[in-house]
Amino acid sequence: MARIKVHELRQKSKVELLAQLKDLKAELALLRVAKVTGGAPNKLSKIKVVRLSIAQVLTVISQKQKTALREAYKNKKYLPLDLRPKKTRAIRRRLTKHQASLKTERARKKEMYFPMRKPLILRGPSLSPYFCLLEILFR
């Protein structure tokens, strides 16, 4: 049996994949029996290929399930733990951007009543700040 191409597996439905998995497992069982009874060397070398094929089929099945779950939970408020981004433990426990940007009422009032001071801009190169200030005050 030749190796299975994964891009062909991705085009199959779940039922077809499960049927192929069942066939591969049955074939592996026969090959193991042949190994114990002292079968031909070509059958013994086939065990590795069949095991690899089983792993490929199982991988495609699990990937399809995961993508289906991601679609199902796309616009939901909460995600299952295995669908959330892994990241690191510290990053997962960090405040969200919204939570970190929130301010207390007192801090908001302080910002509102005492805004950032705007600097005085001098008009000409020869004017000193003192004369510029007088010009602004006595207009």
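Just so it is clear, none of the values below were taken in a lab; they were calculated from the coordinates. As the structure is a computational prediction, the values presented were derived from the model and not from experiment. With ideal geometry, Cβ positions are generated from the backbone for all residues, glycine too; neighbour counts draw on all protein chains shown.
Figures for the structure shown
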read-out: 0 to 90° range, to nearest 10: angle between helix 41-72 axis and the chain longest Cα axis; value: 40 degrees
read-out: Under 26 Å from K109, Cα to Cα: lysines that are on another chain or at least 8 residues apart; value: K97, K118
read-out: Under Karplus coefficients 6.51, -1.76 and 1.60, residue-wise ³J(HN,Hα) of segment 5-21 in Hz, glycine/proline x; value: 8, 5, 5, 6, 5, 5, 7, 7, 7, 5, 4, 5, 5, 5, 5, 5, 4
read-out: Packing-based ranking, highest mean first, of 13-26, 68-81 given that Cβ atoms within 10 Å are counted; value: 13-26, 68-81
read-out: Over 18 Å between alpha carbons, listed pairs K14/K76; K12/K64; K12/K43; value: K14/K76; K12/K43
read-out: Values of log10 I(q)/I(0), in the order q = 0.18 Å⁻¹, for segment 6-79 under a Debye, Cα-only, solvent-free model; value: -0.75
read-out: Cα Rg over Rh - the chain, Kirkwood; value: 1.53
